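Student: Okay, here's the structure, questions in a sec.
The values are calculated or read from the model by the stated rules, or taken from the named source; none is laboratory data. Note that this is a predicted model, so its numbers are computed, not measured. With ideal geometry, Cβ positions are generated from the backbone for all residues, glycine too; neighbour counts draw on all protein chains shown. Surface areas here come from the heavy atoms of the whole protein model, side chains and all, with no ligands, DNA or RNA. Shrake-Rupley method; radii C 1.70, N 1.55, O 1.52, S 1.80 Å.
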Amino acid sequence: MRVLVLGSGVIGSVYAAGLLGAGHDVVLLARGQRLLDLQRSGLVLHRADTDEWTTQPVEAVADVAGQAPFGLVLVPVQRTQLASVLPRVTAMDDDSDVVFFGNYSGREEESIAGLGHRALLGFPAVGGIRAGAVVRYVPISRQRTMLGEPNGKLTSRVRQIAGVLTESGFATSSSTRMQAWLLGHAAFIAPIGCALRLVDTDARRLAADQRLLRLVVLSTRQAFRALESQGSVELPANLRALYLRLPVAWAVAYWRRVLDGPRGELWFAAHTRAAPEEMAQLAQVVRIAVLASGRAAPDLMQLIERAHGRDDTAR
């Protein structure tokens with residue numbers, strides 16, 4: 001399959017490398033120094049949990065004008081970059097399937113507008129940081145790459161694309177409620193992002209602050225319960241168990257271990273540091289959704305207001 005990856009940050013680079021390794025024809029859109037690095041050195045990846053280094057040549061371009069048709073387009077950009085990317089995607093007339101691959105809760109309708117049947121929603125399962133030409137990353141082992149149709153149907157193309165991603169090394173699941181899944185992920189990630197903002201995005205400092213970690217867990221539990229009361233959220237089984245079934249102390253202990261190691265930096269802190277506006281918007285998306293439920297969530301509201309104030313734009 002001929003694949004365009006429209007974005008060459010951590011997510012775009014890791015998924016491009018997997019697709020290349022599975023034999024797909026991949027074009028990676030980049031700009032500035034990143035484009036020069038890719039053209040000079042290729043994709044240079046360091047998987048931090050196994051200390052595995054890989055380097056792969058990749059076709060990196062600044063513009064897709066004149067390119068042969070694509071079968072699949074992945075759009076792994078920050079939600080704050082979505083407005084600048086959408087015109088480029090909608091201008092493509094090759095009838096390619098387009099997967100919006102990121103923290104787009106609350107912006108799903110905007111993402112698919114103008115694309116009609118071409119658009120799908122998805123979410124990656126890796127985290128990391130880019131330093132110069134090197135992408136350092138860790139797969140998120142308890143989270144699968146997610147994929148689904150905006151209308152909730154389980155279609156043959158969802159199965160096909162899920163198969164392509166799985167064969168490329170990314171265990172992939174489909175959902176018939178991707179908007180609800182994305183809101184659930186926002187409700188999970190926003191409290192952690194808020195807490196990290198309060199400790200200068202230092203994951204180890206958060207791990208050592210038991211009072212703040214407990215506030216994160218209570219906030220997430222309140223968000224999940226409020227959104228479930230509306231039926232507006234889809235939660236993975238592991239997060240449901242951790243936040244809604246196990247004692248708060250167990251969840252606090254779990255996150256202390258995670259945040260005190262490389263996963264804390266690469267799964268959470270690096271992105272919070274690199275995308276502060278996106279994280280602020282996600283926090284407000286969650287706040288507005290929880291307020292609409294009518295359920296009390298005092299710890300969540302306190303945490304969001306301490307970190308971001310009460311901006312209601314959520315854009």
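Student: Would you please list the contacts, defined by Cβ atoms under 6 Å and residues six or more apart or on different chains, that run from a residue in region 51-73 that is farther than 14 Å from Arg34 by Cα to a residue that is surrounded by 14 or more Cβ atoms within 10 Å (Cβ to Cβ) and of a type in the set (Val, Ile, Thr)?
Tutor: Matching pairs, first to second residue: Thr55/Val44; Leu72/Val3; Val73/Val98.
Student: In addition: Name the residues in region 1-25 that are in a strand (DSSP E or B) and either touching a Gly at 6+ places or on another chain (Cβ under 7 Å) or under 23 Å from Arg79 (Cα atoms) (or both), would you?
Tutor: Arg2, Val3, Leu4, Val5, Leu6
Student: With Arg118, Arg142 as the choices, which residue is among the charged types (D, E, K, R), touching a strand residue (DSSP E or B) at 6+ places or on another chain (Cβ under 6 Å) and open to solvent by 10 Å² or more (accessible area, probe 1.4 Å)?
Tutor: Exactly one of Arg118, Arg142 is among the charged types (D, E, K, R), touching a strand residue (DSSP E or B) at 6+ places or on another chain (Cβ under 6 Å) and open to solvent by 10 Å² or more (accessible area, probe 1.4 Å), namely Arg118.
Student: Please specify each residue of region 166-179 satisfying the condition of being aliphatic (A, V, I, L, M) and open to solvent by 10 Å² or more (accessible area, probe 1.4 Å).
Tutor: Selection gives Ala171 alone.
Student: Among what's in region 25-58 and is of a type in the set (Asp, Glu) and open to solvent by 80 Å² or more (accessible area, probe 1.4 Å), pick the residue that is modelled with the lowest pLDDT.
Tutor: For region 25-58, the residue satisfying everything is Asp49.
Student: Shifting gears a bit: From the list Leu282, Leu244, Leu291, which one is among the aliphatic types (A, V, I, L, M), part of a helix (DSSP H, G or I) and crowded, with 21+ Cβ neighbours inside 10 Å?
Tutor: Leu282
Student: Just give me the residues in region 259-274 being open to solvent by less than 30 Å² (accessible area, probe 1.4 Å), touching a residue at least 60 places away in the same chain (Cβ under 8 Å) and out of contact with any helix residue (DSSP H, G or I) (no Cβ under 7 Å at 6 or more places or on another chain), in sequence order.
Tutor: Across region 259-274, the qualifying residues are Leu266, Ala270.
Student: Look through Ala275, Ala283, Ala223 and report the one residue that is closer than 27 Å to Gln78 by Cα, among the hydrophobic types (A, V, I, L, M, F, W, C) and touching a His at 6+ places or on another chain (Cβ under 7 Å).
Tutor: Result of the check over Ala275, Ala283, Ala223: Ala283.
Student: Further question: Which of the residues that make up region 218-237 are open to solvent by 20 Å² or more (accessible area, probe 1.4 Å), within 19 Å of Ala249 (Cβ to Cβ) and not hydrophobic (A, V, I, L, M, F, W, C)?
Tutor: Arg221, Gln222, Arg225
Student: A further question follows. Asp49 versus (1) touching a helix residue (DSSP H, G or I) at 6+ places or on another chain (Cβ under 8 Å); (2) within 23 Å of Phe100 (Cβ to Cβ); (3) of a type in the set (D, E, K, R): which is the lone unmet condition?
Tutor: (2)
Student: When you check Ala22 against the structure, is it over 28 Å from Ile288 (Cα atoms) and either open to solvent by less than 50 Å² (accessible area, probe 1.4 Å) or under 21 Å from the mean Cα position of the chain (by Cα) (or both), yes or no?
Tutor: Judged against the criteria, Ala22 is a match.
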